[in-house]
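The values are calculated or read from the model by the stated rules, or taken from the named source; none is laboratory data. As the structure is a computational prediction, the values presented were derived from the model and not from experiment. For neighbour counting, all protein chains shown are included, and Cβ atoms are generated from backbone atoms with ideal geometry for every residue, glycine included. We work out accessible area using only protein heavy atoms, side chains counted, and drop any ligands, DNA or RNA first. Shrake-Rupley method; radii C 1.70, N 1.55, O 1.52, S 1.80 Å.
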Amino acid sequence: EAADLRPRALYVELLHSIVRLSSSMYAEEVALTLQALARYQLGNPTVVAQLIRTVQGQLKEYRLRYLCGVTGALGAMQVCPVGLLKELDSRARFEVDTVPVQELFDNMQAFPLMEYSWKPYE
């Protein structure tokens, strides 16, 4: 990576593993995986589509901080479908309305430190 070399065989195996494991990932793991893909500009359509399906299937498990990370990463890769964005917006509104005060405070401190976040949710 540092030398601007991308060994195809390594990425094929990595992306295959992400697809295989995505359905068993926790919300935080999906958010961090999407952020890593965005960081290294590895927006493989098959992998991203599988991760989006995982997000949609587990949306009720996503806390506000993970929603920010997921939406920010998808936005950075320019692969966030409008329908998914509406679902994420709805879930973020629910989280803001029901989040405990301490968690809200913790989120407010964490948002500026996040590499990928979605400003409207902050």
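For the range 2-23, a residue qualifies if it is open to solvent by less than 90 Å² (accessible area, probe 1.4 Å) and at pLDDT below 80, and the qualifying residues are A3, P7, A9.
Scanning the range 67-86 for residues being surrounded by fewer than 22 Cβ atoms within 10 Å (Cβ to Cβ) and closer than 20 Å to L37 by Cβ gives a total of 9. Just a yes or no: is a residue in the range 99-119 at pLDDT 95 or above and open to solvent by less than 60 Å² (accessible area, probe 1.4 Å)? Scanning the range 99-119 turns up no residue that is at pLDDT 95 or above and open to solvent by less than 60 Å² (accessible area, probe 1.4 Å). Note on the range 41-57: residues that are surrounded by fewer than 16 Cβ atoms within 10 Å (Cβ to Cβ) and either touching a strand residue (DSSP E or B) at 6+ places or on another chain (Cβ under 9 Å) or under 11 Å from A73 (Cα atoms) (or both) total 1. If we scan the range 71-94, do we find a residue that is more than 18 Å from S22 (Cα to Cα), assigned to a loop (DSSP other than H, G, I, E, B) and in contact with a Ser or Thr (Cβ under 6 Å, 6 or more places away or on another chain)? Checked against the condition, which is being more than 18 Å from S22 (Cα to Cα), assigned to a loop (DSSP other than H, G, I, E, B) and in contact with a Ser or Thr (Cβ under 6 Å, 6 or more places away or on another chain), the range 71-94 yields no hits at all.
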